[in-house]
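Scroll down for the structure; my scribbles are underneath it.
The values are calculated or read from the model by the stated rules, or taken from the named source; none is laboratory data. Predicted, not measured: the structure shown is a model, and the values here were computed from it. Glycine also receives a Cβ, built like all others from the backbone with ideal geometry; neighbour counts cover every protein chain displayed. The area values use the complete protein model at the heavy-atom level, side chains included, leaving out ligands, DNA and RNA. Shrake-Rupley method; radii C 1.70, N 1.55, O 1.52, S 1.80 Å.
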Amino acid sequence: MNDPSRTRTHPLESKIPPPIVALLVALAMWSATWLMPAFLLGRSLRFTLAGIFALLSLSFAAPAMFAFRRAGTTINPVDLAVASRLVTSGVYRWTRNPMYVGLTGLLLAWAILLSSPALLLGPIVFVLFITRFQIIPEERVMRAKFGREFEAYTKRVRRWL
């Protein structure tokens, strides 16, 4: 039988852990600060706004990881076959991908801290990459494993926010 968790349509699908993708995007954003004009926000305002985004981001990601641990399923996004439960409670009532929402928010906080509006492209690139190469393959596996339960979940909860 063909295991859908092992079927990939592109070599990048579920290969690079999303935190590594976020780190690479953050490094690219930092490198781009040398080429991009800065948006002069006061240091205090930058740190306050970045801190708010970072805290909001962690308020999505941390409970999501704990929910996976409580459910006894993996948070490993590379080995999709080991997913054992569909988690739909807690923060998963508002978004199907709170850990990715958290990483996106951290990249937004980083863009604010770096003080360049052009760097907002970083979180956009992250969202596009993660949607195509991580979320879509995950959803394919979840559909195969959890069928109607997953379909019902996708109808009531958005992929992002």
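Quick look at the values:
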| quantity | calculated |
| --- | --- |
| Highest-first arrangement of 27-39, 100-112, where packing means the average Cβ count within 10 Å | 100-112, 27-39 |
| GNM result for the chain, Cα springs below 10 Å: residue of Ala26, Ala118, Ala61 fluctuating most strongly | Ala118 |
| Distance between modelled label sites at Val78 and Ile52, nm, 7 Å Cα→Cβ extension | 3.7 nm |
| Carbon/sulfur fraction of accessible area - segment 1-131, other protein chains in place, 1.4 Å, % | 73 percent |
| Using alpha-carbon coordinates, inclination of helix 121-130 to the longest axis of the chain, degrees | 10 degrees |
| Anisotropy class of segment 32-99 from Cα gyration tensor, a/c 1.5 cut | prolate |
| Tilt relative to the chain, helix 18-32 - C-alpha long axis, 0 to 90 degrees, to 10 | 20 degrees |
| Net charge dipole size for the chain [Lys, Arg +1 and Asp, Glu -1 on Cβ; Debye, nearest 20] | 380 debye |
| Degrees between helix 136-156 axis and first principal axis of the chain (Cα, 0 to 90, nearest 10) | 90 degrees |
| Mean Cα-pair separation over length for the chain, i.e. relative contact order, pairs under 8 Å, 6 or more apart, % | 37 percent |
| Arg43, Arg148, Arg132, ranked by accessible area, largest first (probe 1.4 Å) | Arg148, Arg43, Arg132 |
| Heavy-atom surface of segment 11-152, accessible at 1.4 Å and reported per residue (Å²) | 54 Å² |
| Distance (nanometres) between label positions extended 7 Å along Cα→Cβ at Ile124 and Arg159 | 1.7 nm |
| Of Arg46, Arg70, Arg93, the one that fluctuates the most in a GNM where the chain has Cα springs shorter than 10 Å | Arg70 |
| Longest to shortest principal axis, alpha-carbon extents of the chain, angstrom | 56, 33, 24 |
| Distance-filtered residues of segment 104-136 - backbone nitrogen under 11 Å, label point 7 angstrom along Ala38 Cα→Cβ | 114-116 |
